[in-house]
Amino acid sequence: MITFDEILPRIIEILDEHKELLGHLDKLIINRDLNGRVRLIVNTKAQAHNEQIKSLAQKLAEKLRPHAYSTDAMILYEEDMDMACAGASGFMLEGLSNVQVIDRLAVESHWDHIAPVAHGVPRIAFYSIKGGVGRSTALAVSAWFLAQSGKRVLVLDLDLESPGLSSALLPEDCRPAYGITDWLIEDLVDNGDAVFYDLVATSALSHDGEIYVVPAHGAHPGEYISKLGRVWMPKILEDGTHENWSGRLNRLIAALEKRWQPDVILLDSRAGIDEVASSCVTGLGAQLVLLFAIDGEQTWSGYRVLFEFWSRSGMVEQIRERLQLVGAMIPDDETRRDYFERLRESAADLFTRHLYDEIPPGESEADYFSFDEQDEVAPHYPWAIKWNRGFAALYSMHDRLRAVERNEVEAVFAPLINGIDGLIPDKGEENV
Ligand SMILES: Nc1ncnc2c1ncn2[C@@H]1O[C@H](COP(=O)(O)OP(=O)(O)O)[C@@H](O)[C@H]1O
Ligand SMILES: [Mg+2]
């Protein structure tokens, strides 16, 4: 009897003994169903090789138990192999160019569907493996700083299950009537416009620019739990097609962008390896994905799971240039230097192992996506945010931001705010 993680290595071993058959097939699909049971999908045209296919099926049924169908139910013949994969997540099996694994998941996950960078203004996703690392605070401060410099900033609180961003930017009595949750719920019955114009409040914290805040819920959350239970639903459109949560949210963001004309959009994602977070990180066309990290085994093992998944599903090249590590809550005492070096080393190790190119002997590093540990422009090189008493355990982040000075913010958040600022084209450049 085997367990789930042994399925793919076993299949690779068995397929290695059936190389001749694979040579005859255009494509073989390994379908792993909702319960984690495997069967084969083979093109009807391949029936000429029926005997060999049956022998492969028998071997798989025996060796993958209980993660396989019985021999007689092991093979599905399909006329249209593309239809067989429609809507499911899948990846090519390592080292085999014509064997695809189709993975049917009980929840819709987007980690392997990496949307191209969105047209329009830059979108920046703030993500972390764990909560409580100062991510929403950093986002609110970034919005504050950019608005001080005359930028128009649109911020969305997509951490719907534990919202917090909007209270940092808006006092209690200035919340808009509705939030993202309300729009997603109304959109299911084609009624998004009923709330669209009351989704945004302008923060009074901005000086020269503007901060447009779209909270998770409105001034009165209402039946929030009943709404949350439906919010991630895909929508069936009139033509029968299926629009997933990322698609719906992209439609909302595009409409907000048109209405409010921001220079940049900041997205506060949900934390963890979770299907909702996956949509923020990979489904919304973010040009920059900030990965907040504190140095610790929990952080690195979480990022390792993600990076290994991207590597296995062949997505590394699509995502790696958008990633940037952020070192959260760097200690403010004499341990700071050592801590930062450890953080950088752990991050470099992880990125090198899973995301960077291996440089063939004799070739130049400049021709590859690869960086030294100490290279300051490397995606693994942490943008450091300092732990600072003035930002710790605040009763009201909003009151704090109302009184904060630019130099205080710069002292704690400089690499982050400068990094983000550098992504936003100057007004002059846009017209060139
Ligand atoms: N740079 C910082 N230094 C010290 N404390 C901070 C800093 N940033 C945030 N905090 C505090 O850490 C806690 C969690 O912050 P929050 O931004 O809500 O984290 P997250 O969004 O990652 O869950 C809050 O009490 C906040 O005041
Ligand atoms: Mg938060």
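The values are calculated or read from the model by the stated rules, or taken from the named source; none is laboratory data. Keep in mind that what you see is a predicted model, and the values were worked out from it rather than measured. Counting neighbours? That spans all protein chains shown, and the Cβs are built from the backbone with ideal geometry, glycine included.
A few comments on the model shown:
- Number of the exception - SER396 against (1) over 14 Å from GLN324 (Cα atoms); (2) more than 16 Å from ligand 2 (Cβ to nearest atom); (3) surrounded by fewer than 19 Cβ atoms within 10 Å (Cβ to Cβ): (2)
To keep it simple, each residue is scored yes or no on (1) within 17 Å of GLY95 (Cβ to Cβ); (2) within 34 Å of the chain's Cα centre (by Cα).
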{"residue": "PRO9", "(1), (2)": "yes, yes"}
{"residue": "HIS18", "(1), (2)": "yes, no"}
{"residue": "ARG32", "(1), (2)": "no, yes"}
{"residue": "ALA61", "(1), (2)": "no, no"}
{"residue": "ARG65", "(1), (2)": "no, yes"}
{"residue": "ASP72", "(1), (2)": "no, no"}
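- For segment 363-382, the criterion of being in contact (Cβ under 8 Å) with a residue 24 or more places away in the chain, in the same structural domain as PHE307 (by TED's automatic domain parsing) and within 14 Å of ligand 1 (Cβ to nearest atom) is met by at least one residue.
- Single match in GLU334, GLU365, GLU358, GLU321 (criterion: within 25 Å of the chain's Cα centre (by Cα), at pLDDT below 95 and either among the aliphatic types (A, V, I, L, M) or at negative phi (or both)): GLU358
- Checking ASP295, ASP332, ASP274 one by one, the residue that is without any contact (Cβ under 8 Å) to a residue 12 or more places away in the chain and either over 29 Å from GLN148 (Cβ atoms) or assigned by TED's automatic domain parsing to the domain that holds SER149 (or both) is ASP274 and no other.
- Failed item in (1) over 21 Å from the mean Cα position of the chain (by Cα); (2) under 22 Å from TRP300 (Cβ atoms); (3) touching a residue at least 24 places away in the same chain (Cβ under 8 Å), with ASN388 passing the rest: (2)
- Checklist (1) closer than 29 Å to GLU321 by Cβ; (2) in contact with a Cys (Cβ under 7 Å, 6 or more places away or on another chain); (3) away from ligand 1 (no atom under 16 Å from the Cβ) applied to ARG123, failing item: (2)
- Subset of segment 289-317 [surrounded by 17 or more Cβ atoms within 10 Å (Cβ to Cβ), of a type outside the set (D, E, K, R) and not in a helix (DSSP H, G or I)]: VAL289, LEU290, LEU291, PHE292, ALA293, ILE294, SER313, MET315
- Matching residues in segment 223-252 - criterion: being of a type outside the set (S, T, N, Q), more than 30 Å from LYS151 (Cβ to Cβ) and free of Cβ contacts under 8 Å to residues at least 40 places away in the same chain: GLU223, ILE225, GLY229, ILE236, LEU237, GLU238, ASP239, GLY240, GLU243
- Contacts under 6 angstrom Cβ, first residue in segment 401-416 being not assigned by TED's automatic domain parsing to the domain that holds GLY134 and buried (at least 20 other Cβ atoms within 10 Å of the Cβ), partner assigned to a helix (DSSP H, G or I) and of a type in the set (Ser, Thr, Tyr), 6 or more apart: none
- Residues of segment 93-117 classified as under 21 Å from the mean Cα position of the chain (by Cα) and over 24 Å from GLN287 (Cβ atoms), total: 6
- GLN58 meets each of the listed conditions (1) farther than 20 Å from PRO9 by Cα; (2) polar (S, T, N, Q); (3) not in a loop (DSSP other than H, G, I, E, B) apart from (1).
- If you filter segment 247-279 down to residues that are part of a helix (DSSP H, G or I) and at pLDDT below 90, you find that the one that is farthest from ASP208 (Cα to Cα) is GLU275.
- Checking each residue in segment 400-426 for being more than 17 Å from HIS207 (Cβ to Cβ) and out of contact with any strand residue (DSSP E or B) (no Cβ under 7 Å at 6 or more places or on another chain) picks out ALA411, ALA414, ASN418, GLY422, PRO425, ASP426.
This table checks each residue for (1) within 16 Å of ligand 1 (Cβ to nearest atom); (2) more than 26 Å from the chain's Cα centre (by Cα); (3) under 30 Å from LEU291 (Cβ atoms); (4) surrounded by fewer than 16 Cβ atoms within 10 Å (Cβ to Cβ).
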{"position": "LEU158", "(1), (2), (3), (4)": "yes, no, yes, no"}
{"position": "CYS174", "(1), (2), (3), (4)": "no, yes, no, yes"}
{"position": "TYR178", "(1), (2), (3), (4)": "no, no, no, no"}
{"position": "ASP190", "(1), (2), (3), (4)": "no, yes, no, yes"}
{"position": "ILE236", "(1), (2), (3), (4)": "no, no, no, yes"}
{"position": "ASP239", "(1), (2), (3), (4)": "no, yes, no, yes"}
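- Members of segment 92-117 found to be in a strand (DSSP E or B) and surrounded by fewer than 17 Cβ atoms within 10 Å (Cβ to Cβ), listed by number: MET92
- Count of segment 196-214 residues, restricted to those that are exposed (fewer than 15 other Cβ atoms within 10 Å of the Cβ) and of a type outside the set (Asp, Glu), is 3.
- Unmet criterion (only one of (1) more than 16 Å from ligand 1 (Cβ to nearest atom); (2) over 26 Å from ASP182 (Cα atoms)) for GLY134: (1)
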